[in-house]
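We did not get these values from a lab; they are worked out from the coordinates using the rules stated. None of these values were measured; they are calculated from a predicted model. Positions of Cβ are backbone-derived with ideal geometry, glycine not excepted, and every protein chain shown enters the neighbour counts.
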Amino acid sequence: MAEITPLYLDTSAAFKLILSEEKGSSELITFLESKKPYSLLSSSLLRLEIQSIIRRLSKDQSFHDDIDFLEYLASILLKQIIVKPISDNVLTEAITILKNSNISSRLRSLDAIHFSTFLSYVNTLPKTILISSDASLIQLADEYKLNVFNPEVEV
């Protein structure tokens, strides 16, 4: 039996699976195909951030796609992702990351929560790969010497 590859999606990566016009969407699909079988992991924060993006898009005059259909696609994707709640341990680790990271001046609190959640998965599933296009998260993964895939970088 093939080993299941754990893949952690931050919001930038997850949204590429919802809106195929996003930069790096096709590269992400190709990457996922190469990692089968895999499991998708994230933070419960993802639900909130996806709704925030959809809300922002619904108010954008230049966005012409069907918002209801986007909501539907988001709900299908979220059902496929194992989400970890934002526990006190995750928040404590996020604070530590913000205080100690070499990139803390550019690191946002939500990114620190995502990265802390990713680290909690890595503690039990050491081969977990972070999928992100967020520069801060990619730099953190490099700082911690952890696996990361950026779908926006040409391979």
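Listing for the model above:
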item: Phi-based couplings in Hz for the stretch 134-148 (Karplus 6.51, -1.76, 1.60; Gly and Pro marked x); result: 7, 4, 5, 5, 5, 5, 4, 4, 5, 4, 8, 6, 10, 5, 9
item: In order through the stretch 49-55: 3J(HN,Hα) via Karplus (6.51 cos²θ - 1.76 cosθ + 1.60), integer Hz, x for Gly, Pro; result: 5, 5, 5, 5, 5, 4, 4
item: Rg(Cα)/(2.2 N^0.38 Å) for the stretch 5-149, N = residue count; result: 1.03
item: Neighbour-count order for Phe69, Phe15, Phe118, fewest beta carbons within 10 angstrom listed first; result: Phe69, Phe15, Phe118
item: Given Lys59/Lys99; Lys23/Lys99; Lys16/Lys127; Lys84/Lys145; Lys35/Lys99, the pairs whose alpha carbons are separated by over 25 Å; result: Lys59/Lys99; Lys23/Lys99; Lys35/Lys99
item: GNM flexibility winner over the chain from Ser87, Ser26, Ser136 (Cα, springs under 10 Å); result: Ser87
item: Cα-Cα separations in the stretch 65-155 greater than 22 Å, expressed as whole percent; result: 35 percent
item: Relative contact order of the stretch 5-149, pairs being alpha-carbon contacts under 8 Å that are 6 or more residues apart, as %; result: 31 percent
item: Burial ordering of Lys145, Lys16, fewest other beta-carbon atoms within 10 Å first; result: Lys145, Lys16
item: Cα gyration tensor shape for the stretch 1-88, rounded if a/c is under 1.5, else prolate or oblate; result: oblate
item: Residues whose placed amide H lies under 5 Å from that of Ile129, excluding near-sequence neighbours; result: Leu7, Tyr8
item: Extension gain (nm, one decimal) between Tyr144 and Ser58, 0.36 nm per residue minus Cα-Cα; result: 27.3 nm
item: Shape call, the stretch 46-115: gyration tensor on alpha carbons, a/c limit 1.5; result: oblate
